[in-house]
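Trainee: Following this message is one structure expressed as structure tokens.
The values are calculated or read from the model by the stated rules, or taken from the named source; none is laboratory data. Owing to the predicted nature of the structure, the values given are computational and were not obtained by experimental measurement. Methodologically, a virtual Cβ is constructed for each residue, glycine included, from the backbone with ideal geometry; neighbour enumeration extends over all protein chains shown.
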Amino acid sequence: MSDGHQDALADAARLLSRRVGFHTDPSVRGRLSHSVTAAAKAHHLPVPDYVAALDRDPAALQDLLDRVTVQETAFFRDPAQFAALAEQVLPSLPAPTRIWSAACANGQEAYTIAMVLDEVGHGGSTVVATDISSQALDRTRQARYSSKEIRGLSAERRERYLSAVDGKFEIVPAMRERVDVARHNLIADPPPVPAGSCSIVFCRNVLIYFSHDEVVKLLDRLADWMAPGGWLFLGYSETLWQVSDRFDLVRCGEAFLYRRHDGTGVPAPQRRRPAAPARPATKRPLTARRPSPPAAAPTPPTAVELLAAGEAAIQAGDNATAITAFRKCTYLDPDQPVGHLYLGLALEASGDGTAARRAFAAAKRALEIGETGVLESTLEGYHPDELVRLLDLKLAAER
Ligand SMILES: C[S@@+](CC[C@H](N)C(=O)[O-])C[C@H]1O[C@@H](n2cnc3c(N)ncnc32)[C@H](O)[C@@H]1O
């Protein structure tokens, strides 16, 4: 690759950082390099000329954004969070209310929320679905999904909320009417609805793309703008730890949510300041899980029990106990990536970057050697690609 090509890629990375907040670390640069090269080819331009045009040509920039963004999503992607929405959050809010699905990708998240609103009888409540990718917004407006894409929906929900059209599955009009779709850049645009008019924001699996500074600024803007006591739903691997003290971490059943500080009137069973990594809510068996012996004699804890103990310690704010539990868990089951990941997060929170890096590297190795089928059932709700991406970011950041 020539120096001119390399310089152009560095310019493109800086441009994306400035315009849409993206990191410029190696995990993003790999994808960016591929996307820029393909886009330049499609525009019949040398890479440096294509990159030079990006800042003054909105269509070229949009084309690159469509290529570089990742629309990984699903219906009911985190079932525990949607259960919390249905059972705890919505019943505490008067209808109608407005929910923002920010960075909605191809729309499954927004339509999932619409289904939940319908199921709990939240009459008149609506969803505003936004994204920076025009392709994602087209797909959201189209509301048509392949059989692979509707995997998160139960047979009952498929029956109620989908109709078959041209070999695909289309969201029924009553659900589509609840969802407004708009382009929105989380880094540069004001929120899509007036301040104070939105009590729930889904901002899942997008903070991970942004630099630390942009995340801090975005969370501050969100906290200023949200309705008092508003709820923030983040992704598995996203955490407000050491990023924002404007939100409280709240446990709702099996899910962890964030709530704007000044919240009142809604029961918050385990409310406290963010002090721990947000983590998967679904429980899946670890590879080392063993059947409990019938004997009454005390048995040493299994890897899965140690993982749970570590998570409980994190929730209690006891990072040192968590580190011990996660260490024992990874000793018992060294092939389980999530144990290493949580150990790394806990070590990172304790300020031990070197040990955290070792744990993240061990998680990556465990992912690389794991057999796909077996692995997926042990990832505590993470998608393998997400985990790789998270670990790459962590490894780059701990350098
Ligand atoms: C992995 S998807 C998340 C989809 C969904 N929220 C979920 O959790 O299933 C990330 C989305 O963030 C969008 N995105 C990236 N940067 C953005 C920005 N600056 N403003 C708005 N959306 C952005 C991408 O286009 C992509 O659709």
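Trainee: For region 73-88, enumerate the residues that are buried (at least 24 other Cβ atoms within 10 Å of the Cβ) and away from the ligand (no atom under 13 Å from the Cβ).
Mentor: Within region 73-88, Leu85 is the sole residue that qualifies.
Trainee: Report, ordered by the first and then the second residue, all pairs with beta carbons closer than 6 Å, sequence separation of six or more or different chains, a first member in region 49-72 that is over 14 Å from Leu16 (Cβ atoms), and a second member that is within 16 Å of the ligand (Cβ to nearest atom) and in a helix (DSSP H, G or I).
Mentor: Gln71/Ala136
Trainee: Among the residues of region 89-140 satisfying the criterion of being over 17 Å from Pro192 (Cα atoms) and hydroxyl-bearing (Ser, Thr, Tyr), which is nearest to the ligand (Cβ to nearest atom)?
Mentor: In this case the residue turns out to be Thr112.
Trainee: Need the failing condition index for Arg151 against (1) closer than 25 Å to Pro96 by Cα; (2) at pLDDT below 95, just the number.
Mentor: In the conditions (1) closer than 25 Å to Pro96 by Cα; (2) at pLDDT below 95, Arg151 misses (1) alone.
Trainee: Which of the residues belonging to region 56-72 are of a type in the set (Asp, Glu) and more than 9 Å from the ligand (Cβ to nearest atom)?
Mentor: So in region 56-72, the residues of a type in the set (Asp, Glu) come out as 57, 63, 66, 72.
Result: Asp57, Asp63.
Trainee: For residues in region 112-135 being assigned to a helix (DSSP H, G or I) and hydroxyl-bearing (Ser, Thr, Tyr), which is farthest from Gln81 (Cα to Cα)? Can you show your working first?
Mentor: To start, the set of residues in region 112-135 that are assigned to a helix (DSSP H, G or I) comprises 112-120, 134-135.
Still in the list and also hydroxyl-bearing (Ser, Thr, Tyr): 112, 134.
Details: Thr112: 11, Ser134: 27 Å.
Taking the candidates together, the pick is Ser134.
Trainee: All but one of (1) surrounded by fewer than 21 Cβ atoms within 10 Å (Cβ to Cβ); (2) within 16 Å of the chain's Cα centre (by Cα) hold for Gly253; which doesn't?
Mentor: The failed condition is (2).
Trainee: Identify, please: which residue in region 141-159 is outside any helix (DSSP H, G or I) and surrounded by 14 or more Cβ atoms within 10 Å (Cβ to Cβ) and is, among those, farthest from the ligand (Cβ to nearest atom)? Spell out the reasoning first.
Mentor: Pass one, region 141-159, residues outside any helix (DSSP H, G or I): 143-154.
Still in the list and also surrounded by 14 or more Cβ atoms within 10 Å (Cβ to Cβ): 143-145, 149-150, 152-153.
Working: Ala143: 15, Arg144: 17, Tyr145: 13, Glu149: 12, Ile150: 14, Gly152: 10, Leu153: 14 Å.
The selected residue is Arg144.
Trainee: Limited to region 1-27, what total is found for residues that are within 21 Å of His184 (Cα to Cα) and touching a residue at least 24 places away in the same chain (Cβ under 8 Å)?
Mentor: First, pick out the residues of region 1-27 that are within 21 Å of His184 (Cα to Cα): 12-23.
Filter once more, so that each one left must be touching a residue at least 24 places away in the same chain (Cβ under 8 Å): 12, 15-17, 19-23.
Number of matching residues: 9.
Trainee: Testing Asp138 on (1) part of a helix (DSSP H, G or I); (2) touching a Phe, Trp or Tyr at 6+ places or on another chain (Cβ under 9 Å), one condition comes back false. Which one is that?
Mentor: Condition (2) is where Asp138 drops out.
Trainee: Just to verify a result, which residue in region 14-32, among those that are part of a helix (DSSP H, G or I) and modelled with pLDDT under 90, is farthest from the ligand (Cβ to nearest atom)?
Mentor: Pro26
Trainee: For the list (1) modelled with pLDDT under 90; (2) in a loop (DSSP other than H, G, I, E, B), I need the number of the one condition that Leu45 fails.
Mentor: Of everything listed in (1) modelled with pLDDT under 90; (2) in a loop (DSSP other than H, G, I, E, B), Leu45 misses just condition (1).
Trainee: Please go through region 334-371 and give me each residue that is on the phi < 0 side of the Ramachandran plot and outside any helix (DSSP H, G or I), ordered by number.
Mentor: Correct list: Pro334, Asp335, Gln336, Ser350, Asp352, Gly370, Glu371.
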